[in-house]
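Asker: First the structure, then my questions, so here it is.
The values are calculated or read from the model by the stated rules, or taken from the named source; none is laboratory data. Computed from a predicted structure; not experimentally measured. Reconstructed Cβ throughout: ideal geometry from the backbone, glycine too, with neighbour counts over all protein chains shown. Quick note on the areas: whole protein, heavy atoms, side chains included, nothing else; ligands and nucleic acids left out. Shrake-Rupley method; radii C 1.70, N 1.55, O 1.52, S 1.80 Å.
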Amino acid sequence: MIIDLHRHLWSIFERYAAAREIAARGGVVGIHAHSEAPVQDVEARAAEIRAEMEKAGVDRSCLLLADYGLRLGEGDRSIVEENRLATDLARADPDHFIAFVGVDPRRPDAVDIVRDALDAGARGLKLHPCSGYSPADPVCRPLYALAGERGVPVAVHTGAMAAPLVSTYASPLHIDEPAADFPDTNFVVLHAGQRAWFPLALDIARWKPNVYLELSLWQGLLIEDEARFIGRVSEIKHGIGLGRVVFGSDCPGISKVMPLHTWVDAFRALPETARRHGVEITDDEVGQMLGGTAAALMGLSR
């Protein structure tokens, strides 16, 4: 089974008018495609994703939702409605989709939003600290406790982001304290710290067995420097083992850099690619990264 642990229904430009306006002023390439609020047709988008998954051989996609509302102004839909769209889709088509609930923990009703989504079938929690809060802030603690009680992972963005989002709290260091204080809650470090904080992400994971690394946004590194990409995967293998790595794409935002099927193929080819660089990666390790570990984290049968 191949599980994409990091997928979105819509990009930030499709969800937030403020993001469209800022990107248009900054001359972001391709922004003309989102210059006006798009029609968010869930069935049409779901069909597009299914086709993309089929081409790539992906069995299940986790729909992650980043709540930027307190930073950018509320989106085209309320955060409650957006979460409901994901859980409804996952319930209607559980063979393809898994919902993660996304919320800014500073919202007064954050705990209720998460509890309701978990009751509706969500299998994880997504936090995006680039909205302006630290994952170590006490306001997050009730969410971590709830995730631990329900046995679902907490996926946390790490790595720098473009303005007006802020990178201050996107260091993996802010996940260290929650991982220590909630040992029964599993944390997934999305993007594994990206380029700036990868060594820190790996070092924290060495000492916190409930911390896992996810490698989306590493597509660019693979394209630019295959040897360095393999070198980092080797560091993970020898530091914590590749059984603590989960596959993610971060589509659709990254799709133009590398399509989903190409990214999946890159993982499938890791044993051969690694061998060219003097590194040994087994087929079993690839299987764990592509789906085995994620299935275990979410309590799914393989």
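Asker: Quick check: is even one residue across the stretch 207-222 open to solvent by 10 Å² or more (accessible area, probe 1.4 Å), aliphatic (A, V, I, L, M) and at positive phi?
Answerer: Yes, that holds for at least one residue.
Asker: What is the number of the single condition among (1) assigned to a loop (DSSP other than H, G, I, E, B); (2) surrounded by fewer than 21 Cβ atoms within 10 Å (Cβ to Cβ); (3) touching a helix residue (DSSP H, G or I) at 6+ places or on another chain (Cβ under 7 Å) that Ser249 does not meet?
Answerer: Every listed condition holds for Ser249 apart from (2).
Asker: For Gly231, state whether it is in a helix (DSSP H, G or I), open to solvent by 20 Å² or more (accessible area, probe 1.4 Å), among the small types (Gly, Ala, Ser) and at pLDDT 95 or above.
Answerer: Considered against the rule, which asks whether it is in a helix (DSSP H, G or I), open to solvent by 20 Å² or more (accessible area, probe 1.4 Å), among the small types (Gly, Ala, Ser) and at pLDDT 95 or above, Gly231 comes out as yes.
Asker: How many residues, within the stretch 238-271, are within 18 Å of Leu200 (Cβ to Cβ) and of a type in the set (D, E, K, R)?
Answerer: Summing the residues that are within 18 Å of Leu200 (Cβ to Cβ) and of a type in the set (D, E, K, R) in the stretch 238-271 gives 1.
Asker: Out of curiosity, is Ala155 in a loop (DSSP other than H, G, I, E, B), of a type outside the set (S, T, N, Q) and closer than 30 Å to Phe13 by Cβ?
Answerer: No, not satisfied.
Asker: Return the pair list, or none, for Cβ contacts closer than 7 Å from residues in the stretch 165-178 that are at pLDDT 95 or above to residues that are hydroxyl-bearing (Ser, Thr, Tyr) and not in a helix (DSSP H, G or I), at least 6 apart or on different chains.
Answerer: Cβ pairs passing all conditions: Tyr169/Tyr133; Tyr169/Ser134; Ala170/Thr158; Ser171/Thr158; Pro172/Thr158; His174/Ser134.
Asker: Shifting gears a bit: For residues in the stretch 175-222 being touching a Gly at 6+ places or on another chain (Cβ under 8 Å), assigned to a helix (DSSP H, G or I) and of a type in the set (A, V, I, L, M), which is nearest to Ala294 (Cα to Cα)?
Answerer: Ala205
Asker: I'm trying to understand the selection: among the residues of the stretch 149-163, which are more than 12 Å from Gly124 (Cβ to Cβ), surrounded by fewer than 21 Cβ atoms within 10 Å (Cβ to Cβ) and either β-branched (Val, Ile, Thr) or modelled with pLDDT of 95 or more (or both)?
Answerer: Once the filter is applied, which keeps residues that are more than 12 Å from Gly124 (Cβ to Cβ), surrounded by fewer than 21 Cβ atoms within 10 Å (Cβ to Cβ) and either β-branched (Val, Ile, Thr) or modelled with pLDDT of 95 or more (or both), the stretch 149-163 yields only Glu149.
Asker: Go through (1) out of contact with any Leu (no Cβ under 9 Å at 6 or more places or on another chain); (2) not in a helix (DSSP H, G or I) and name the single condition Val139 misses.
Answerer: It is condition (2) that Val139 fails.
Asker: Could you tell me whether the stretch 40-51 includes any residue that is part of a loop (DSSP other than H, G, I, E, B), under 23 Å from Gly69 (Cα atoms), at pLDDT 65 or above and open to solvent by 60 Å² or more (accessible area, probe 1.4 Å)?
Answerer: So far as the stretch 40-51 goes, yes, one or more of its residues are part of a loop (DSSP other than H, G, I, E, B), under 23 Å from Gly69 (Cα atoms), at pLDDT 65 or above and open to solvent by 60 Å² or more (accessible area, probe 1.4 Å).
Asker: If you don't mind, there's one more thing I want to ask. Quick one: which residue in Ile12, Ile31, Ile3 is under 17 Å from the mean Cα position of the chain (by Cα), open to solvent by less than 50 Å² (accessible area, probe 1.4 Å), at pLDDT below 80 and closer than 25 Å to Gly248 by Cα?
Answerer: Answer to the selection: Ile12.
Asker: While we're on this one: Taking the stretch 180-194 as the region of interest, how many residues are under 14 Å from Phe247 (Cβ atoms) and either open to solvent by 60 Å² or more (accessible area, probe 1.4 Å) or modelled with pLDDT under 95 (or both)?
Answerer: Total meeting the criteria: 0.
Asker: What number of residues in the stretch 195-206 are closer than 18 Å to His128 by Cα and crowded, with 19+ Cβ neighbours inside 10 Å?
Answerer: Going through the stretch 195-206 one residue at a time, the tally reaches 3.
Asker: Taking only pairs six or more apart or across chains, which ones have beta-carbon atoms under 7 Å, a first residue in the stretch 1-27 that is within 26 Å of Asp59 (Cβ to Cβ) and of a type in the set (Phe, Trp, Tyr), and a second residue that is assigned to a loop (DSSP other than H, G, I, E, B) and modelled with pLDDT under 80?
Answerer: The qualifying pairs are Trp10/Gln40.
Asker: Within the set of pairs 6+ apart or on separate chains, which have a first residue in the stretch 127-156 that is aromatic (Phe, Trp, Tyr), a second that is not in a helix (DSSP H, G or I), and C-beta atoms under 6 Å apart?
Answerer: What qualifies is Tyr133/Arg106; Tyr144/Phe182; Tyr144/Thr185.
Asker: Among the residues of the stretch 264-280, which ones are farther than 17 Å from Arg228 by Cβ and either open to solvent by less than 70 Å² (accessible area, probe 1.4 Å) or assigned to a helix (DSSP H, G or I) (or both)?
Answerer: Those that are farther than 17 Å from Arg228 by Cβ and either open to solvent by less than 70 Å² (accessible area, probe 1.4 Å) or assigned to a helix (DSSP H, G or I) (or both): Val264, Asp265, Arg268, Pro271, Glu272.
Asker: Can I ask one more? Are there any pairs, at least 6 apart or on different chains, whose C-beta atoms fall under 6 Å, with the first in the stretch 206-230 and under 16 Å from Trp263 (Cα atoms) and the second charged (D, E, K, R) and open to solvent by 20 Å² or more (accessible area, probe 1.4 Å), and if so, which?
Answerer: Sorted first by the residue in the stretch 206-230, then by its partner, the pairs are Ser216/Asp250; Leu217/Asp250.
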